[in-house]
1. In region 130-137, is there at least one residue being in contact (Cβ under 8 Å) with a residue 24 or more places away in the chain, in contact with a Ser or Thr (Cβ under 7 Å, 6 or more places away or on another chain), of a type in the set (D, E) and part of a strand (DSSP E or B)?
2. Looking at this structure, is F202 free of Cβ contacts under 8 Å to residues at least 60 places away in the same chain, surrounded by 16 or more Cβ atoms within 10 Å (Cβ to Cβ) and closer than 21 Å to V238 by Cα?
3. As an exercise: evaluate Y137 against (1) of a type in the set (S, T, Y); (2) more than 21 Å from D215 (Cβ to Cβ); (3) loosely packed, with under 15 Cβ neighbours inside 10 Å and give the number of the one condition it does not meet.
4. Starting from residues that are acidic (D, E) and part of a loop (DSSP other than H, G, I, E, B), keep the ones in region 38-53 and report whichever is surrounded by the most Cβ atoms within 10 Å (Cβ to Cβ).
5. How many residues are farther than 18 Å from L160 by Cβ and either surrounded by fewer than 17 Cβ atoms within 10 Å (Cβ to Cβ) or small (G, A, S) (or both) when one looks only at region 216-235?
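Values quoted throughout were computed directly from the atomic coordinates according to the rules given, and no laboratory measurement underlies them. Quantities reported herein were computed from a predicted structural model and do not represent experimental measurements. Cβ placement follows ideal geometry from the backbone for every residue including glycine, while neighbour counts extend to all protein chains displayed.
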Amino acid sequence: MMKKYFIILMTTVILCSCHGKDKYAESKRLLLGTWKLVNIDGLPVETDESFVCTFDSLGNEIYACGQYNEKGESEWMEGKNYTYKMKKNTIKVKGSDPLGKNWSFDMVVVGIDEKQLLYSVKNMKKNDVQFGNYHDYTLKRVTTDCSKDIKGIWVGQEMLHSPSHHADIYCWEFLEGGKYNFYYKDSTGTFVYKEENDGRYFLYDNFLVCNFKNDLKTNSTGKIFECWNITVKPETMVWSNYKGQEGVIRYSLNRVDKVPVH
């Protein structure tokens, strides 16, 4: 009888152990891929404050976000000097960002499936100094490649709430290799190529990021980045940027065959 109970007990332990291993093995599998931040502490994140991260099967992580330098300039950068290790429900990340700052932190996974990743952050350090960042994050998986859909020439303007206000019309030419050209209208109403723009773009599913120089709308100088959630169709495209209490900025664009003169 004792022998029978012992066999049952050991079988139960083995089954429980295997179930636990399968659970965490499934989490490791689901983690692989690219994710975009959508909520912080259950609230929608401002579009420009979002980030994108990619985990591969070799323990490497790419972390992409807006970076700010001492000159007050901003630029979207993809940090590729990160590694991670996942033990049970904790992902230990360490590495350095493109500006040379060293980071380490723990991502405690609350839930993960094919579509969403939910986690909280603990033990975050910047340059070996404790850094307070203990929020709950919700990320969605990036699954679609819209790069072919966005390539080409688009003309559009901001969608203003008041019909009495006139929005400037601009032109974007999205090229291969993540580059884009930008055109604006001069005092005569003629489209002019912006030579100092140095336009670069990144596209993660329907999340578009544009790096450029010297903002004509705000008269800001130096490097700048903007993030947009986009809806793209064969002939039309809508961009939106959520700015918290300031509301949402939207642009409406139409595809054209060539850069117009006027």
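1. The answer is yes, given that some residue of region 130-137 is in contact (Cβ under 8 Å) with a residue 24 or more places away in the chain, in contact with a Ser or Thr (Cβ under 7 Å, 6 or more places away or on another chain), of a type in the set (D, E) and part of a strand (DSSP E or B).
2. So F202 does not fit the description; no.
3. Condition not satisfied by Y137: (3).
4. Kept after step one, since they are acidic (D, E), are these residues of region 38-53: 41, 46, 48-49.
After this cut, where a residue has to be part of a loop (DSSP other than H, G, I, E, B) as well, the list is 41, 46.
Numbers: D41: 11, E46: 15.
Among those residues, the one meeting the criterion is E46.
5. The qualifying residues number 8.
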